[in-house]
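The values are calculated or read from the model by the stated rules, or taken from the named source; none is laboratory data. Everything numeric in this text was worked out from a predicted model, so none of it was measured. Glycine gets a Cβ as well: all are built from the backbone with ideal geometry, and neighbour counts include every protein chain shown. What goes into the accessible areas is simple: the full protein's heavy atoms, side chains included, and nothing from ligands, DNA or RNA. Shrake-Rupley method; radii C 1.70, N 1.55, O 1.52, S 1.80 Å.
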Amino acid sequence: MRGGARPAGPAVSGWAPHRIGGPATLSCDVLVIGSGAGGASVAATLVEAGRDVLMLDEGAHIDAARAPASVPESFRRMWRGSGILAALGTPPVAYAEGRCVGGGTEINSAIFQRAPDTLLDDWAKRYRIAEFGAVELGPYYDRAAKVVNATPPPPDAGLPTDILRRGGAALGWKVVELDRGTRRCVGTNYCSLGCPTGGKQSMTATQIPGALSGGLRLIADCRAARLRLRGGRVVEVTAQARGADGRRHRLILRPREVFVCAGAIHSPALLRRSGLTRCVGDTLRLHPTLKATALFDEVLDAHDARLPLTAISEFMPDRRIGGSVTQPGLLAMSLAEDWAERSWLMPEWRRCGQYYTMIRAAGTGTVRPLPLAAEPLVRYALTESDWTQLARGATELARVMFAAGARHVYPSIAGHPGWASPEEVLAQADAPLSRTRTSLMTIHLFSSLPPGERSDGVATDSFGRVSGVENLRIADASQIPEAPGVNPQATVMAMAYRNAEAFLAASGTETRRTAFRERSAA
Ligand SMILES: Cc1cc2nc3c(=O)[nH]c(=O)nc-3n(C[C@H](O)[C@H](O)[C@H](O)COP(=O)(O)OP(=O)(O)OC[C@H]3O[C@@H](n4cnc5c(N)ncnc54)[C@H](O)[C@@H]3O)c2cc1C
């Protein structure tokens, strides 16, 4: 995030969500709740097939031309809970989600990765998911890659990226270049604040405007409160929407079909609030991530460079080492975990970089709505093997930083003295981490409504249809059966296209059956 003047942005995009004038009742063919990676992919597919689609999002639409100028402003306008949310446990895991039109894709780094083929095939078998696997998902991943224009990073991506390249090369570890969904990106490094130039190919830059021109109706600032069920069908959805007068109004929606795409936390929360509890929000998974601050001799100016666009893939999919957004405010927050010992690094901020190790954990968590509270209670517990993986990951992260030329490395563990040499790292290699002083975070959440035909542990059928409810489907990160070990957006989009197409195929058959019944009755 550059200091000084903000980069010049595009003109206002020319589209805006619909605003209601007061309390209203609306009907539609398909209601899509949530406009992130999953919801926008469903809406685009259904609009293209000629369906009458209404999409809601709890958050506001933030046009690129009016993107936030600072971290606090972005947290307030675009991040759920102003960026302060945690899954409770020992330790708690801080998590982040988008809350705006376009969801997480508006504040993410747009890194595009397919889940490993072996994992997809394994999930197909273990969860008994029909027509699922590397081959079956291939065309959907291709479509997602095309939509977001997934392309490799430029060779001159900057010093923070080179650090991982040279550390990996020195240790002989595999390094991958990370494709990103961008078009004419000028490298402002404002990705996680809301892209100010429209270069990041988020949902508001791609599928949402396309679907709006095809007839999609979109209502922003509109939170779905409850689904009302009768006779195994959703008959009504109640919501609260901010109207043109700035006041909140009650909205009643009468859709024929509903896709819930509110993300891995809020989709199960909405289902549970509506009385649907079987395997709902019982199997939340995430990628526990441990950050470290590394001090180098050279000036990195990471705040003024692109986010690191390489990753150490030597230990993937179990563990990955990558780079975080680094800028003075975020560095200060991180050093504040142990200010007495680490504040000396603050004046050295231009020579600091923040990197992380992320694990494909086996731990699971739960999501439970709380009466009168907007955010549900989220709990998460790591397993013993997760702690072993994290300890290994911390050692590997420190090793690669020293191999790239770091002088000091401090993991996000309060009271940890940090490492001053690679020898110190090796002397303490894989030492168990403190369970109460380690600060973990995640930006990847999934698996809270897994699909499949198993008799236990799945919330929907193979194509996202909720068990026991004829017209209710899920298409978002909650459907990814387990942690993929890679960035999830591509898999969310691929699975959403697949669920939307399965719905179209099934409803085509249904329409033909109804027409046949009507003809034969005549
Ligand atoms: C900081 C950050 C960086 C990331 N970087 C990457 C990356 O580089 N690459 C990658 O692949 N992934 C990345 N991710 C993860 C990725 O963005 C998510 O996995 C993805 O957006 C999930 O898609 P989704 O459709 O499940 O949910 P979301 O995209 O979160 O969309 C859900 C939407 O539903 C809305 N909603 C929720 N409840 C309701 C309700 N009751 N009524 C109406 N609307 C509701 C929300 O406001 C939100 O807009 C990142 C995430 C974050 C937070």
Relative counts (whole %) of C-alpha pair distances in segment 401-522, using bins that are 10 Å wide: 11, 24, 19, 17, 15, 7, 4, 3, 0
Do any GluC sites (Glu not before Pro) in segment 209-303 lie in a DSSP loop with no more than 13 other beta carbon atoms within 10 Å, and if so, which? GLU298
Work out the length of the dipole vector of the chain about its Cα centre, built from +1 on the beta-carbon of each Lys and Arg and -1 on the beta-carbon of each Asp and Glu, and round it to the nearest 20 debye. 1620 debye
Between LEU26 and residues 5 or more places away or on another chain, which pairs have amide H atoms under 5 Å apart, with H built 1.01 Å from N, and which residues are they? ILE252, LEU253, ARG254
Mind giving me the nanometre distance, one decimal, between the label points for SER13 and GLU131, set 7 Å out from Cα along Cα→Cβ? 3.1 nm
Could you derive backbone 3J(HN,Hα) for segment 97-112 from the dihedral phi with the Karplus parameters 6.51, -1.76 and 1.60 (θ = phi - 60°), listing whole Hz in sequence and x where the residue is Gly or Pro? 9, x, 9, 6, 4, x, x, x, 5, 7, 10, 8, 8, 6, 6, 10
Using just the C-alpha positions of segment 123-221 as equal point scatterers, what log10 of I(q)/I(0) does the Debye formula give at each q in 0.16, 0.18, 0.23 1/Å? -0.95, -1.03, -1.15
HN-Hα J in Hz across segment 424-435 - Karplus 6.51, -1.76, 1.60, θ = phi - 60°, x for Gly and Pro: 4, 4, 5, 5, 10, 3, 6, 4, x, 8, 5, 7
So which trypsin sites (Lys or Arg not before Pro) in segment 254-339 end up in coil per DSSP with only 12 or fewer other C-beta atoms within 10 Å? ARG278
Compute the signed sum of charges (Lys and Arg +1, Asp and Glu -1) over the other residues within less than 12 Å, Cβ to Cβ, of SER439. +1
Residue-span extension gain [ALA373 to THR118] - 0.36 nm each, minus C-alpha spacing: 87.8 nm
Kindly express, to the nearest 10 degrees and within the range 0 to 90, the angle between helix 489-521's C-alpha long axis and the longest C-alpha principal axis of the chain. 10 degrees
Evaluate the distance, in nm, between pseudo-label points positioned 7 Å from the Cα of GLU48 and of ALA332 along their respective Cα→Cβ axes. 4.6 nm
Once the other residues with Cβ under 15 Å from the Cβ of ALA494 are scored (Lys, Arg +1; Asp, Glu -1), what is the net sum? -4
Of all trypsin sites (Lys or Arg not before Pro) in segment 110-149, the ones in DSSP coil with at most 13 other Cβ atoms within 10 Å are none
Which whole-number percent is the relative contact order of segment 405-446 (Cα, under 8 Å, 6+ apart)? 38 percent
Quick one: which residues, 5+ away or cross-chain, put their amide H under 5 Å from the amide H of HIS408? H built at 1.01 Å from N. LEU295
Can you list, bin by bin at 10 Å, the percent of alpha carbon pairs in the chain, starting at 0? 4, 19, 30, 26, 14, 5, 1, 0, 0
Scan around ALA225 for amide H atoms under 5 Å from its own, H built in the peptide plane at 1.01 Å from N, and keep only partners 5 or more places away or cross-chain. THR238, ALA239, GLN240
What's the angle, to the nearest 10 degrees (0 to 90), between helix 263-273's Cα axis and the longest principal axis of the chain? 50 degrees
Value of relative contact order over segment 227-270, rounded to a whole percent, pairs C-alpha under 8 Å and six or more apart: 29 percent
J(HN,Hα) series, segment 137-142, from Karplus relation 6.51 cos²θ - 1.76 cosθ + 1.60, nearest Hz, glycine and proline x: 7, x, x, 6, 4, 4
Calculate, in nm to one decimal, what ARG230 and ASP162 gain on full extension: separation in residues at 0.36 nm each, minus their alpha carbon distance. 18.7 nm
What does the extension gain come out to for THR383 and ARG350, with contour length at 0.36 nm per residue minus their alpha carbon separation? 8.2 nm
Percent relative contact order for segment 196-269, counting Cα pairs under 8 Å at least six residues apart, stands at 18 percent
Lys and Arg at +1, Asp and Glu at -1: add these up for the other residues within a Cβ distance under 11 Å of VAL176 and post the number. 0
Hey, what's segment 218-346 come to in accessible area per residue, 1.4 Å probe, Å²? 35 Å²
Place the peptides 237-250, 446-459 in order of packing, highest mean first, counting for every residue the other Cβ atoms within 10 Å and averaging per peptide. 446-459, 237-250
